[in-house]
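> Below is a structure I'd like to ask you about.
The values are calculated or read from the model by the stated rules, or taken from the named source; none is laboratory data. This is a predicted model, so every value here is computed, not measured. All Cβ positions, even for glycine, are placed from backbone atoms using ideal geometry, and neighbour counts span all protein chains on display. Quick note on the areas: whole protein, heavy atoms, side chains included, nothing else; ligands and nucleic acids left out. Shrake-Rupley method; radii C 1.70, N 1.55, O 1.52, S 1.80 Å.
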Amino acid sequence: MSDSNTSTQTEIRARAASDIASLPADQWDACAGSDNPFVSHAFLSAMEESGSVGPGTGWKSLPIIIENSDGGIAGCLPSYLKSHSQGEYIFDQQWAHAFENAGGQYYPKIQIAAPFSPVPGPRVLLRDESMAVPLLRAAEQLAEQNGISSVHATFVDEDQLDYFRDAGWMIRADSQFHWRNDGYACFDDFLAALSSRKRKAIRRERRKALETVEIQQFAGPAITEEHWDYFWEFYQDTGARKWGTPYLTRAAFDLMQEKMGERLLLILAFQDGIPIAGALNVIGSETLYGRYWGCTRDVPFLHFEICYYQAIDAAIERGLKTVEAGAQGSHKLARGYQPVPTWSAHYIVDPGFREAIADYLDRERRAVAADIEFLADMGPFRKQP
């Protein structure tokens with residue numbers, strides 16, 4: 001695959017590197033910032049080094065970087081060459097079928113993303129904001145020069161959408177459910193903001209979930225190898241039921257502990273001293289990200305307790321502004337998680353296919369906005385006079 005080059009009045013050189021792990025961590029993180037752990041060098045290199053990304057996975061690392069005059073990284077894209085659409089949580093399989101039925105080849109495609117993580121965040125990582133459009137132009141040229149159908153940036157931070165609009169990319173809307181901390185000092189403060197019926201329902205769920213289990217939270221170095229062994233069992237069970245094959249390898253959890261352990265929060269439920277369920281959270285500068293969950297015994301309402309209510313407790317304790325509990329799930333609405341838009345951006349090489357997708361996305365955005373408005377009105381919070 002050839003490198004991509006783009007230029008302005010001053011020559012700007014962009015190249016596709018072989019992986020992220022081999023790039024200087026300090027330079028990558030200077031572009032990525034410290035707010036969102038899923039674009040950090042620690043997380044992305046852990047995905048590579050663990051074999052979760054790489055040969056046999058359909059995810060080939062292809063980071064696109066722009067270097068400044070001294071060889072340092074001025075901007076970068078966490079990008080991958082994909083041979084399928086798994087592990088993305090933004091579904092484009094219908095696009096693939098339509099393009100291939102018309103005689104095209106949709107895969108491979110280029111994906112700008114945090115692998116296996118439906119977490120909104122920056123996708124154009126910059127020291128110099130003027131490098132945003134040149135980076136996207138480099139991704140376009142890389143696709144065009146190598147016969148690749150398309151480039152997709154998923155779960156783009158809303159603050160970065162103008163970069164993609166300025167480059168002429170198409171914007172797609174979807175939605176998630178996020179919990180917002182309105183200055184609550186404790187969980188009861190949050191409950192007080194809900195309608196009486198919803199407040200009673202949540203208290204009932206929590207009582208029922210805690211009848212037969214003990215919940216403990218472990219952060220950073222308090223997470224042991226034994227804890228990870230139990231959690232790996234939970235994760236495999238959930239992965240096998242939901243998407244067939246778990247995306248992460250066992251080594252991924254060890255490497256995350258090694259590289260970014262201070263950002264991990266593991267919540268476990270015990271029966272008779274043995275963990276029977278757990279949820280892994282990642283701590284950002286303002287947000288608690290709920291990522292993986294699993295269990296070996298079914299306990300009524302335990303999923304809600306571990307994944308939603310314990311996460312709210314942890315966020316309040318840490319003074320975090322939001323909890324993001326993953327993709328989909330309208331059942332989160334009754335538990336105080338509110339609908340918010342999420343965004344992706346798309347560059348389609350073929351002009352005819354691009355026009356068809358643009359028309360589809362225009363109609364889809366309107367439908368998503370209407371759905372968010374409807375769900376917001378159905379929320380559990382007390383109505384203001």
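> Quick one: in the stretch 195-221, of everything that is surrounded by 12 or more Cβ atoms within 10 Å (Cβ to Cβ) and of a type in the set (Lys, Arg), which residue is nearest to Tyr309 (Cα to Cα)?
Arg206
> Let me ask another. Only residues that are in contact with a Phe, Trp or Tyr (Cβ under 8 Å, 6 or more places away or on another chain) and open to solvent by 10 Å² or more (accessible area, probe 1.4 Å): list them for the stretch 106-128, please.
Answer for the stretch 106-128, where residues must be in contact with a Phe, Trp or Tyr (Cβ under 8 Å, 6 or more places away or on another chain) and open to solvent by 10 Å² or more (accessible area, probe 1.4 Å): just Pro120.
> Out of curiosity, is Arg297 part of a helix (DSSP H, G or I), open to solvent by 50 Å² or more (accessible area, probe 1.4 Å) and either in contact with a strand residue (DSSP E or B) (Cβ under 7 Å, 6 or more places away or on another chain) or more than 21 Å from Ala114 (Cα to Cα) (or both)?
Here the answer is no, as Arg297 does not meet what is asked.
> Tally time: how many residues in the stretch 339-361 are within 15 Å of Arg172 (Cα to Cα), charged (D, E, K, R) and surrounded by 13 or more Cβ atoms within 10 Å (Cβ to Cβ)?
1
> Being touching a residue at least 40 places away in the same chain (Cβ under 8 Å), closer than 21 Å to Asp157 by Cβ, touching a Cys at 6+ places or on another chain (Cβ under 7 Å) and open to solvent by less than 70 Å² (accessible area, probe 1.4 Å) narrows it down to one of Ala277, Ala325, so name that one.
Testing whether each residue is touching a residue at least 40 places away in the same chain (Cβ under 8 Å), closer than 21 Å to Asp157 by Cβ, touching a Cys at 6+ places or on another chain (Cβ under 7 Å) and open to solvent by less than 70 Å² (accessible area, probe 1.4 Å) leaves just Ala325.
> With the requirement that a residue be out of contact with any helix residue (DSSP H, G or I) (no Cβ under 9 Å at 6 or more places or on another chain) and over 26 Å from Tyr163 (Cα atoms), what does the stretch 329-370 give you?
Gly329
> Considering each of Asp229, Asp272, Asp188, Asp182 in turn, give the residue that is open to solvent by 50 Å² or more (accessible area, probe 1.4 Å) and within 30 Å of Arg123 (Cβ to Cβ).
After applying the criteria, what remains is Asp182.
> Exactly one of these conditions fails for Ala315: (1) open to solvent by less than 10 Å² (accessible area, probe 1.4 Å); (2) under 23 Å from Gly379 (Cα atoms); (3) not in a helix (DSSP H, G or I). Give me its number.
(3)
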